[in-house]
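Read through the structure below, which is laid out as structure tokens, and then see the notes.
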Amino acid sequence: MSRWSTAEVRGELALTHIAVCVTVIASVLSLGGILLSLVEDVAIGRWVSSLGQGLFLAIVSFLIYGGLVYQLARLGHLNRLRQHRRAAEDELDRFFHGPHPPTVTVLVPSYKEDPLVVRRTLLSAALQDYPRRRVVLLIDDPPHPGQASDIRLLTAVRGLAAEIQETLRKPRDHFEDALRAFLERRARGPLDAHQEMQRLAQLYRDAASWFERHGAGYCLGDHADALFVEITFRIPAARYLDQANRWARRIAQAEPALTQTLLADHRRLAARFQADLTSFERKRFDNLSHEPNKAMNLNSYISLMGQHRRVVDFCSSVLLEPAEAAEASLSVPNPDYVLMVDADSLISPDYSLRLACVLAEPGNERVAVVQTPYSAFPHAPGALERIAGATTDIQYFIHQGFTSYGATFWVGANALVRKTALDDIAESDTERGHPIWRYIQDHTVIEDTESTVDLISRGWKLYNYPERLAFSATPPDFGSLLIQRRRWANGGLLILPKLVRYLAGRASWAAAIREGFMQCHYLTSLAVANAGLLLILALSFDDSTRARWLPLTALPYFALYARDLRRSGYRASDVFRVYALNLMLIPVNLGGVLQSLRQAWTGKKSPFGRTPKIKGRTATPPRYLIAEYAMLTQWLVGATFEFLHGRLLHGWFALANAAFLAYALMRFIGLPEVRDQLALALRFRKSRVVSPRAVSSPAP
């Protein structure tokens, strides 16, 4: 993913402005023609036709609205890039060595994850270049599993924190000893600057050697491992080697060195390996929440921050009760910031430092959340994972643009959050007779989105840092992608009333319109766009020359999308594969929407569908495979029907969509795999994850 130069940003801004103008003009012409047809139908009493034309007008208007949201978000993103100034190293140094750098606790929620995946994430967090940090693995597995495989998995995950702590022990001791020796030499009298610079250069070589050795010795299993080694080991190794060479040049040129500079470098080297790692299991304790979702896993530990607790056995229950510090078996520091990182995510070594600097800037006292929307791991081997990752990388541009309009949403994979902001939105509740606290809402399965509305309603702001510094896994097969995308589609409609109430109460109507234009589309697009496209393909519409401008309304959107794909490391032609994937995801997205509607009707929470992150294929529920082929059949039959009745435009539209869907089914799932997955899903209806031995064909 290449960086944008100033000239490129200016060119893309001009191109995007042209695209917006073309979209608006084409929209006026096409929607005006459809509206004229609607008026004529109403005038002559063709009520069925007028109803269809009205529905078609509404759907097309929403689709155009979505295209404009993308283009305006792109403008916002480009404007932010033009204004963005990356903090220089000396600024980061001043923040790092400040008198009271904010404390950070990194929380990594985990549920039945592959230990190798979790280990990767923990190392990424533990090796952050930040002075005061603590890393906590929140294990949410059942504490007393019955199956041998679950026991092995839990045992391995429980040992990760201690294992990584031991891995860091030797370099930590080495650099701490070097720091103590330096302080002793300084206390004894004047320092020999030449010798001190030589010692420091060697220490930087030692650090580079440690990172190089661990990078070279890491077993690369996939493309995610390759990225992990690159950003966690190789880039820091190169940076430390460059620092060693810089000090060597100063020695050769007989440049003086300030004692304070030498001390700062010693302290920063020592701090790199001083992470405090531990783990916590809320389900061991009966008076903590056992709600089966990520939000309550996080909430349970956040509620303990700043407290001392002791373990008490009471009537066959294990409780965590308040205690004095001297008697406590668990003491949890209360940090300034909480960094929540998904168990399948990676963050760059400077992630905490750069984002904490943003929160500490004057004027940002009311910024509650700062993040970089995560990108997909590059160079995915499978077609489905690669194209699904492309949609994630495009979302990065959209979320960056949202910040330009004050419409940022919390994307929960890697957010740095002010603890005081979490305290401000906390709600007390009772579960199984025990008091609990909710900081992050779990009314819906998109807890970060709902918590966004809670924060902005209390006057807090959210901010997307305009650099790619975080990466997260993309599901490699259709079964696991289905679980992820269905969860993403479930909850937007439930949150919409809360957002509307917030916007209605805004003092500035201009700000409410600006934010609402972006935010309302974000919450409703998966429901309206997917249902609308199905209806367009199922109903006939005006095929006269009045609709000839419709393709031009979409052309600027797809053209810019293709350019952004290429800028993100994909091919421009992947825009057609993205469209095909989105067609294939229509039943999945509507499945999530139906879960929202069911929750709204019954009041019963939807279950939190965790995306599997372990080896093996995830079985697809047979109803979704059947829905895919039913949709394909309906579009083919519909295209034939339209051609027979002379409605060529609609006929070609249906046929083209059928062709894209057929391509997606064959390319992203495959006919042999559909057969195998359907058989597996029917046989193991209650099973989520299947062993790769049970499937004869390789995963895509």
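Between Val318 and Arg213, residue separation times 0.36 nm minus the direct Cα-Cα distance comes to 33.4 nm. Scaled against 2.2 N^0.38 Å for its residue count N, the alpha carbon radius of gyration of the chain is 1.04.
What Kirkwood hydrodynamic radius, in Å, does segment 418-516 give when the mean of 1/r is taken over all pairs of distinct Cα atoms and then inverted?
On the way: mean 1/r = 0.0622 Å⁻¹.
Roughly 16.1 Å, rounded to one decimal.
For segment 40-136, the Kirkwood hydrodynamic radius comes to 19.7 Å, computed from all pairs of different C-alpha atoms. With a Cα-only, solvent-free Debye model of segment 255-329, what are the log10 I(q)/I(0) values at q = 0.12, 0.16, 0.24, 0.27 Å⁻¹? Rounded to two decimals, the profile gives -0.54, -0.72, -1.13, -1.26. Sorting 141-147, 414-420, 288-294 by average packing, meaning the other beta carbons within 10 Å per residue, from highest down gives 414-420, 288-294, 141-147. Mean separation of Cα pairs under 8 Å and 6 or more residues apart, divided by the residue count, gives segment 355-431 a relative contact order of 37 percent.
Once each part is reduced to its C-alpha centroid, what is the distance from segment 382-401 to segment 157-173 in angstrom? So the two Cα centres are separated by 34 Å.
Rounded to the nearest 500, the 222 nm mean residue ellipticity of the chain from helices alone is -19500 deg cm²/dmol, with -39,500 (n - 2.57) taken per DSSP H run of at least 4 residues. Relative contact order, whole percent, for the chain stands at 17, derived from Cα pairs under 8 Å and 6 or more residues apart.
Please identify the helices of the chain, taking whole runs of DSSP H, that span at least 20 Å along their own axis as judged from the Cα atoms and have a mean Kyte-Doolittle score of -0.5 or higher. Working shown, then result.
On the way: long enough: 6-43 (55 Å, 1.41); 47-83 (53 Å, 0.71); 160-188 (42 Å, -0.92); 193-217 (36 Å, -0.94); 235-252 (26 Å, -0.58); 383-404 (33 Å, 0.07); 509-538 (38 Å, 1.10); 550-567 (27 Å, 0.21); 586-602 (24 Å, 0.37); 622-644 (33 Å, 0.65); 648-664 (24 Å, 1.31).
Long hydrophobic helices here: 6-43, 47-83, 383-404, 509-538, 550-567, 586-602, 622-644, 648-664.
Over segment 323-477, what number does the Rg to Rh ratio reach, with both radii from the alpha-carbon atoms and Rh per Kirkwood? Each step should come with its number before you reach the end.
Details: Rg = 17.4 Å, Rh = 17.1 Å.
Radius of gyration relative to Kirkwood radius: 1.02.
What separates the Cα centres of segment 1-47 and segment 208-230 is a distance of 47 Å. Counted residue by residue at 0.36 nm each, then reduced by the alpha carbon distance between them, the extension gain from Asp286 to Leu555 reaches 91.2 nm. A protection proxy built from the mean count of other Cβ atoms within 10 Å ranks the segments 346-353, 465-472, most packed first, as 346-353, 465-472.
Each reported figure results from applying straightforward, stated rules to the coordinates on display, with no laboratory input. Just so it is clear, the model here is predicted, and its values are computed rather than measured. Because the Cβ atoms are built from the backbone with ideal geometry, glycine has one as well, and the counts that use them run over all protein chains shown.
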